[in-house]
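The values are calculated or read from the model by the stated rules, or taken from the named source; none is laboratory data. Given the structure is predicted, the values throughout are model-derived calculations rather than measurements. Note that each Cβ is placed from the backbone with ideal geometry, even for glycine, and that neighbours are counted across all protein chains shown. Side chains are part of the model used for accessible areas, which takes the heavy atoms of the whole protein and leaves out ligands, DNA and RNA. Shrake-Rupley method; radii C 1.70, N 1.55, O 1.52, S 1.80 Å.
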Amino acid sequence: MRHLIDFGDLTRAEWQTIYDRAEQIMADPAAYSDACKGKIQANLFFEPSTRTNFSFQTAMMRLGGSIFGFADPKSSSVAKGETLKDTIKMVSAYADVVVMRNPREGAAKAASLYSESPIINAGDGGHMHPTQTMADLTTIQHYLGKVDGISIGLCGDLKNGRTVHSLIKALAKFDNVKFYLIAPQELRIPEYMRAFMRAQNMGFVEVTSLEAVMPNLDVLYMTRIQQERFQSPIEYEQVKGVYVLTRRKLERARDNMLVLHPLPRVDEISVDVDDDPRAKYFEQARCGMYARMSLLMDLAMQEHRVPDPVEIGTKPVCKNPNCITQYEHYLPPLVKETGGRCCCAYCDKEVD
């Protein structure tokens with residue numbers, strides 16, 4: 001059973017196939033209107049979403065399939081205390097593909113252990129968001145004509161930004177990408193991602209000034225300071241509004257630089273940027289729909305398969321307080337090696 005938990009699950013060749021098909025769908029959407037006819041998609045959104053939820057719904061409908069699910073766990077048996085395992089075993093018996101967003105890091109990996117149908121990670125806490133990465137790469141390739149050799153600035157909340165973490169992992173598959181990691185000290189990239197970049201020999205510099213590196217960039221990827229990921233309101237107040245992109249600041253940028261943002265934005269991109277031809281964040285959302293259509297044409301076509309039995313856990317080995325293993329104690333204690341470090345196989349955080 002092929003799942004999409006992390007963009008790293010795909011080879012570059014597989015990604016190229018998905019991208020090429022997405023371009024074909026953009027050029028002639030009507031030709032794909034029955035590509036998933038008779039297929040059923042379950043959307044399980046345990047935390048709020050606008051673009052990702054709507055994008056996946058629209059993608060399956062445009063392919064001729066149908067959708068069920070929830071956008072609020074309070075409307076499901078989760079509110080009664082049902083475990084993730086039981087929810088997934090039930091829903092995957094009904095659906096041909098399961099799209100899941102969950103605030104717990106590693107939740108999608110956990111779901112894949114028990115699912116009869118492919119799991120697509122639509123965001124797991126501050127960890128990963130691989131289909132947003134598909135939207136990002138599709139937009140970059142479509143408008144710049146390449147991904148290899150670009151210079152990209154990742155700006156804002158790099159600590160909690162799952163879209164940033166997924167994009168970095170994806171760009172490891174491309175050649176000679178230069179990274180400018182733009183964040184205040186409190187929101188620097190997590191150490192496990194820094195270790196990943198070093199292990200992959202990815203060139204990066206960490207800076208605090210957006211204006212200083214603006215002339216060097218082919219892509220500026222702005223992110224929201226995510227209030228919901230902070231432990232206290234005081235911590236959020238200390239960093240909110242630290243980076244605001246305005247039309248004046250864009251005067252230092254290249255004429256063909258792309259401004260991307262996974263959305264929603266709050267105040268980190270001024271509305272006077274929206275009409276600049278370099279602003280592609282709304283086009284980015286549309287590109288994401290086509291990329292998800294292409295992905296669904298692969299994953300939703302698999303046959304149902306009863307997963308192999310897994311060990312029953314008793315105590316989590318991961319100390320990350322937001323790891324799914326802290327909440328679903330039956331999960332087996334899975335560990336993997338990343339960059340010479342032992343890490344939790346669910347959330348990627350280093351374990352003792």
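Worth a mention:
- For the range 295-352, fraction of C-alpha pairs farther apart than 17 Å, in %: 51 percent
- The range 1-23 and the range 54-89: distance between their alpha carbon centers, rounded to Å: 23 Å
- Net dipole in debye of the range 57-148 [+1 Lys, Arg Cβ; -1 Asp, Glu Cβ; about Cα centre; nearest 20]: 120 debye
- Sites matching GluC sites (Glu not before Pro) across the range 18-124 that sit in DSSP coil, with at most 15 neighbouring C-beta atoms within 10 Å: GLU82
- Reachable lysines, given that their alpha-carbon falls under 16 Å from the alpha-carbon of LYS349 and they are not under 8 places away in the same chain: LYS109, LYS159, LYS169, LYS319, LYS336
- Looking at the chain, the accessible area is 42 square angstrom per residue; that uses a 1.4 Å probe and ignores ligands, DNA and RNA.
- With contacts taken as Cα pairs under 8 Å at a separation of at least 6 residues, the chain carries a relative contact order of 19 percent.
- Projecting the Cα atoms of GLY313, CYS287, GLN185 onto the charge dipole of the chain (Cβ charges, centred on the Cα centre) puts GLY313 farthest toward the positive pole.
- Kirkwood hydrodynamic radius of the range 133-205, Cα pairs, Å: 12.4 Å
- For PHE204, distant residues with modelled amide H under 5 Å away: PHE179
- Note on the range 239-352: Cα-only Rg and Dmax are 21.6, 58 Å.
- Among VAL164, VAL271, VAL242, the residue with the largest mean-square fluctuation in a Gaussian network model of the chain, with springs joining Cα atoms closer than 10 Å, is VAL271.
- Sulfur and carbon atoms: percent of accessible area, the range 300-352 [1.4 Å]: 55 percent
- Computed about the Cα centre, the dipole magnitude for the chain is approximately 120 debye when only Lys and Arg (+1) and Asp and Glu (-1) carry charge, each at its Cβ.
- Taking the convex hull of the alpha carbon positions in the range 1-107 and averaging its projected area over all directions gives 7.5 nm².
- DSSP bridge analysis restricted to the chain gives an antiparallel fraction near 10%, rounded to the nearest 5.
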